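What follows is one structure encoded as structure tokens, with my remarks underneath.
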Amino acid sequence: MLMKNLLEQIKKIKVLYVEDDANTRAELEYILKSKVFELYVAEDGEEGFRLYKKNIPDLVITDIQMPKLNGIQMSKLIKDYNPDAKIVIISAFNESNYLLEAIKLNINSYIQKPLDIKQLFHEMGKLAKNINLEKEKDELYNTLNQYRNIVDERSIVSKTDRNGVITYVNKPFEKISGYSSEELIGNTHSLIKHEDTNVEVYEDMWDTLISKDMWTGIIKNKKKNGDGYIVDTLIKPILDVNGDIEEYIALTYDITDLERSKEYFKNQTLKATSNLKESIRVSKLYKDAINQSNMILRVNKDRKILYVNDAFCEISGYSQKELIGKDYSIVRDKRVEVEEYEKKIDELQAYLDKGNIWKGKISNTKKDGTLFHCNLTIYPLEIEKGEISEYLGIRHDITEIENLHKELEKTQREVVYKLGEIGETRSKETGNHVKRVAEYSKLLAIKYGLDEKETNTLFTASPMHDIGKVGIPDSILNKPGKLDNEEWEVMRTHSEIGYNILKSSNREILKAAAIVSYTHHEKWNGSGYPLGLSGEDIHIFGRITAIADVFDALGSHRVYKEAWPLEKILEFFESEKGKHFEPKLIEIFMDNLEEFLKIRDMYQD
């Protein structure tokens, strides 16, 4: 199974093979050609270097003794051209004098003749896995950057420092405000403050943000030319590793037309017109304006649909005939259980029947079963004062933005996972180790009572728990035996190395990964490292990941030990409850052991 996985990795890479002996070259060329994605073959070092520069292969396999340029000389030229080049040298026993030169050049592998094909494929497979992970990481970063560019193009974005001073605005912000970035950066948003926006809005905003919560709301701003514009705004405080506010980022979109049409609808009724002809004219103008810019839906007290406009029908896929008279639940979010939906709709109706206006985000189901997402404002309409007759909902489609946010989160999660996998690969772990640790951590977080956001953050961040191993020498990381005291001190530094790599990031997931890396070797009784924290002073992310990591490590084969049987692992956990591990977490683990074993079996190496 292991060799099969290695061969699958080899199939994805381009290889340059350099050998001067015709018979040896022909034999290995025949074997390699069907195993790699693309193969280039050279007869000497000079031709090998020329082919390398032309094709930039992922891996070079070379003999040493060759005319024109020997393997060491060619490797030096290649390393000068590309320091990250991966090279495997095949050498005879009597060429050990070249070994020091190979080490100096940071050659990736050194195989002695006579050549063992199985050993060659094993070395190629290990290198290919790292090569492919690096490629995937680069591709994911490239995709993430493109998504960021899309957000920057389609949304109005600004950033401020913690004192509210603008540090960044994008082109859409400049366009809608009429100010250039030079005029905005260094000022506060008071530059675009409109006198129509109540001061209480800003007070509520700052109270919310200072408490480190996200603020959403509607704000009217003023352009440079004095005109007003209205934006639906989301402001998020960005926290540093210590949980302190570092900056604020605001994502907004222009809803000026939407808000004006809503205001018009509130203030203008057919009863206000002086004659029937004027009423008909106003009604037609209103209908045309609403149908072009908003989705409108009216529902009676029994939750039957009274009216939908063309815009709602176009997005939902239903016709007016299919909707009018039907229960509103026809378009409810089908991901929500019926009981939960009924409870929420009862609470909403009770809120509206008090004369309150409701604003928020909502997901509905189209006729084809897919979802669409909207910003929704619901107005209770009265027959007489205090008597509600129906509810009017005005929607603005935000499906594209919601889907983009989800795709960004998914891409960031994949980038973090691949980085974690790279760290594990250096210590000869499998990618399934980080998958299992992530799944164990998620299950423990749910059972422990963390909320959905915290659980998902830990699930995404936990694969990075050992990223600091990239800074540990191979001689220590993969030593097939017990480490001495000096080596153990070096190994222990991987927690702090990982923390230092990640701690400066402004991204929530990477900040969580920094915490996980730093704390997952701390112990409940204070005997862990690197800080010797104890009890609840250890972040819950570290306490959870510690159990997930140790459970998987004990049950897996490592270069320095065999896998433990389950019975022995459980005995160890019981003995370490209150010492190494938080007692409550161990009890949760034991009570839900079958679910953890299902994860283990699902992601076997």
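The values are calculated or read from the model by the stated rules, or taken from the named source; none is laboratory data. Just so you know, these numbers come straight off a predicted model, no measurement behind them. A quick note on method: Cβ atoms are made from the backbone with ideal geometry, for glycine too, and the neighbour counts reach across all protein chains shown. Just the protein is used for accessible areas: all its heavy atoms, side chains included, with ligands, DNA and RNA removed. Shrake-Rupley method; radii C 1.70, N 1.55, O 1.52, S 1.80 Å.
Residues that are open to solvent by 80 Å² or more (accessible area, probe 1.4 Å) and at pLDDT below 90: does the range 44-62 have at least one?
For the range 44-62, residues open to solvent by 80 Å² or more (accessible area, probe 1.4 Å) and at pLDDT below 90: absent.
Tell me, which residue of the range 79-131 that is more than 22 Å from residue 13 (Cβ to Cβ) and of a type in the set (Phe, Trp, Tyr) is modelled with the lowest pLDDT?
Among residues in the range 79-131 that are more than 22 Å from residue 13 (Cβ to Cβ) and of a type in the set (Phe, Trp, Tyr), the one modelled with the lowest pLDDT is 93.
If you check every pair at least six apart or on different chains, which have Cβ atoms under 9 Å apart with a residue in the range 225-239 that is of a type in the set (Gly, Ala, Ser) first and a residue that is assigned to a strand (DSSP E or B) and open to solvent by 40 Å² or more (accessible area, probe 1.4 Å) second?
228/220; 228/222
Regarding residue 443, is this residue outside any helix (DSSP H, G or I) and either open to solvent by 10 Å² or more (accessible area, probe 1.4 Å) or at pLDDT below 90 (or both)?
The answer is no for residue 443.
Here is a list of conditions, (1) open to solvent by 10 Å² or more (accessible area, probe 1.4 Å); (2) within 19 Å of residue 240 (Cβ to Cβ), and residue 529 meets all of them except one; can you say which number that is?
(2)
Could you figure out which of (1) at positive phi; (2) modelled with pLDDT under 90 isn't true of residue 186?
(2)
Out of the residues in the range 63-85 that are among the charged types (D, E, K, R) and part of a loop (DSSP other than H, G, I, E, B), state the one that is least open to solvent (accessible area, probe 1.4 Å).
For the range 63-85, the residue satisfying everything is 84.
Free of Cβ contacts under 8 Å to residues at least 40 places away in the same chain, within 30 Å of residue 432 (Cβ to Cβ) and among the basic types (Lys, Arg), is that true of residue 68?
For residue 68, the condition - free of Cβ contacts under 8 Å to residues at least 40 places away in the same chain, within 30 Å of residue 432 (Cβ to Cβ) and among the basic types (Lys, Arg) - is not met.
Of the numbered conditions (1) of a type in the set (Val, Ile, Thr); (2) within 30 Å of residue 296 (Cβ to Cβ); (3) touching a Pro at 6+ places or on another chain (Cβ under 8 Å), residue 256 satisfies every one except a single condition; which is it?
(3)
Just checking, how many residues over the range 557-605 are of a type in the set (Gly, Ala, Ser) and either in a helix (DSSP H, G or I) or open to solvent by 40 Å² or more (accessible area, probe 1.4 Å) (or both)?
The number of residues fulfilling the criteria is 2.
If you go through the range 460-482, how many residues are more than 18 Å from residue 130 (Cβ to Cβ) and in contact (Cβ under 8 Å) with a residue 24 or more places away in the chain?
Within the range 460-482, residues that are more than 18 Å from residue 130 (Cβ to Cβ) and in contact (Cβ under 8 Å) with a residue 24 or more places away in the chain number 8.
Do any residues in the range 358-382 that are loosely packed, with under 14 Cβ neighbours inside 10 Å have Cβ atoms under 6 Å from those of residues that are assigned to a loop (DSSP other than H, G, I, E, B) and among the small types (Gly, Ala, Ser), where the two are at least six apart or on different chains, and which pairs are they?
Here the result reads 368/317, each pair linking the range 358-382 to a residue that is assigned to a loop (DSSP other than H, G, I, E, B) and among the small types (Gly, Ala, Ser).
Which numbered condition in (1) at pLDDT below 90; (2) touching a His at 6+ places or on another chain (Cβ under 8 Å) is the only one that residue 217 fails?
Checking residue 217 against (1) at pLDDT below 90; (2) touching a His at 6+ places or on another chain (Cβ under 8 Å), the one that fails is (2).
Which residue out of 335, 298 is surrounded by 14 or more Cβ atoms within 10 Å (Cβ to Cβ) and under 28 Å from residue 234 (Cα atoms)?
None of the other options fit; the residue is 298.
Can you tell me which residues in the range 504-523 are of a type in the set (Ser, Thr, Tyr), open to solvent by less than 30 Å² (accessible area, probe 1.4 Å) and modelled with pLDDT of 85 or more?
The answer is 517, 519.
Take the residues in the range 190-228 that are of a type in the set (D, E, K, R), in a strand (DSSP E or B) and under 13 Å from residue 176 (Cβ atoms); name whichever of them is farthest from the chain's Cα centre (by Cα).
222
Might you let me know whether the range 537-556 holds any residue that is among the polar types (S, T, N, Q), open to solvent by less than 20 Å² (accessible area, probe 1.4 Å) and not in a helix (DSSP H, G or I)?
Yes, that holds for at least one residue.
Looking at the range 10-28, which of its residues are assigned to a helix (DSSP H, G or I) and surrounded by 14 or more Cβ atoms within 10 Å (Cβ to Cβ)?
10, 24, 25, 27, 28, listed by residue number.
Here are some residues: 174, 139, 134. Which one is charged (D, E, K, R), touching a Leu at 6+ places or on another chain (Cβ under 9 Å) and either within 25 Å of residue 55 (Cα to Cα) or modelled with pLDDT of 85 or more (or both)?
None of the others qualify; the one that does is 174.
Does residue 336 satisfy being in a loop (DSSP other than H, G, I, E, B) and either aliphatic (A, V, I, L, M) or in contact (Cβ under 8 Å) with a residue 60 or more places away in the chain (or both)?
Criteria met by residue 336.
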